[in-house]
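I have placed the structure first, in the form of structure tokens, so that the comments after it can refer back to it.
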Amino acid sequence: MLCKAFIERTQGVAAAARLVDYVITAVLLLHPIAALTLIWIFVRQRRWRQQNLLLRGTERTAALESHQATGDRMMAAVIGVIALAFGAHITRANLDGLEMTAYLVPGHFHGWAGLLGLLFMITLWRAGRKTRDLKSQKKSFAHSKEFHGRISDVMLLLVTIHAFLGFLYLLKIL
């Protein structure tokens with residue numbers, strides 16, 4: 001009889017613990033899901049390098065405007081994805097009963113690479129805007145355009161490494 005009463009009393013606690021585990025998992029998965037979406041958009045955005053050579057006239061102008069608008073939205077989305085990561089860690093610390101700042105300072109390369117990626121993204125975005133401005137001012141923009149493309153190449157490599165490390169880190173914490 002004592003065992004039955006104990007089991008009934010602890011079933012609610014166990015169910016609540018499982019619910020918290022599901023909440024932590026869901027919160028932690030928000031960042032990688034948003035990041036994978038952003039990576040997909042980034043890869044599509046890089047297709048401009050090929051389209052640039054093939055398109056002409058109004059079709060090229062429209063594609064260029066779309067490329068620039070998507071770049072601006074991506075810059076905001078990168079900040080949002082990073083905010084999701086920090087929010088997930090704050091929530092995780094709170095649910096684990098720790099101080100909110102317990103998981104904020106990256107203790108792994110994935111976190112530091114994310115901050116480095118933000119720096120590269122800002123550089124990429126600014127180089128794209130500089131290229132646009134130089135072109136609209138009818139100034140030479142070839143160097144700026146080349147720099148923008150090369151930063152994009154480096155970003156793709158960094159994003160690939162970052163995503164893989166993130167997958168490994170997610171396996172570790174889940």
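The values are calculated or read from the model by the stated rules, or taken from the named source; none is laboratory data. Treat the numbers as computed from the prediction; the structure is a model and nothing was measured. Positions of Cβ are backbone-derived with ideal geometry, glycine not excepted, and every protein chain shown enters the neighbour counts. Accessible surface is based on the protein model in full, side chains and every heavy atom, while ligands, DNA and RNA are left aside. Shrake-Rupley method; radii C 1.70, N 1.55, O 1.52, S 1.80 Å.
Each residue in the range 93-110 was checked for being in a loop (DSSP other than H, G, I, E, B) and open to solvent by 50 Å² or more (accessible area, probe 1.4 Å), and 10 of them qualify.
Restricting the search to the range 36-58, which residues are open to solvent by 100 Å² or more (accessible area, probe 1.4 Å) and either part of a helix (DSSP H, G or I) or within 12 Å of Thr70 (Cβ to Cβ) (or both)? Matches in the range 36-58: Leu36, Trp40, Arg44, Arg47, Gln50, Leu53, Leu54, Thr58.
Do we have Ala113 as free of Cβ contacts under 8 Å to residues at least 12 places away in the same chain and either more than 19 Å from Lys172 (Cα to Cα) or open to solvent by less than 40 Å² (accessible area, probe 1.4 Å) (or both) here? Even if it seems obvious, please write down each step before you answer.
Details: free of Cβ contacts under 8 Å to residues at least 12 places away in the same chain: no; either more than 19 Å from Lys172 (Cα to Cα) or open to solvent by less than 40 Å² (accessible area, probe 1.4 Å) (or both): yes.
Criteria not met by Ala113.
Determine which member of the set Thr25, Thr70 is closer than 19 Å to Tyr169 by Cα, of a type in the set (Ser, Thr, Tyr) and either modelled with pLDDT of 80 or more or in contact with a Leu (Cβ under 7 Å, 6 or more places away or on another chain) (or both). Reasoning before the result, please.
Values: Thr70 fails: closer than 19 Å to Tyr169 by Cα.
Being closer than 19 Å to Tyr169 by Cα, of a type in the set (Ser, Thr, Tyr) and either modelled with pLDDT of 80 or more or in contact with a Leu (Cβ under 7 Å, 6 or more places away or on another chain) (or both) holds for just one of Thr25, Thr70, which is Thr25.
Does the range 134-147 contain at least one residue that is in contact (Cβ under 8 Å) with a residue 40 or more places away in the chain and in a helix (DSSP H, G or I)? No, there is no match, as no residue in the range 134-147 is in contact (Cβ under 8 Å) with a residue 40 or more places away in the chain and in a helix (DSSP H, G or I).
Apart from one condition, Ala127 fits all of (1) over 16 Å from Leu38 (Cβ atoms); (2) open to solvent by 40 Å² or more (accessible area, probe 1.4 Å); the exception is (2). Take the conditions (1) over 13 Å from the mean Cα position of the chain (by Cα); (2) open to solvent by less than 60 Å² (accessible area, probe 1.4 Å); (3) touching a residue at least 40 places away in the same chain (Cβ under 8 Å); Ala63 misses just one of them, which is (3).
The residue list Ile151, Ile90, Ile79, Ile122 contains one member that is assigned to a helix (DSSP H, G or I), open to solvent by 80 Å² or more (accessible area, probe 1.4 Å) and out of contact with any His (no Cβ under 7 Å at 6 or more places or on another chain), which is Ile79.
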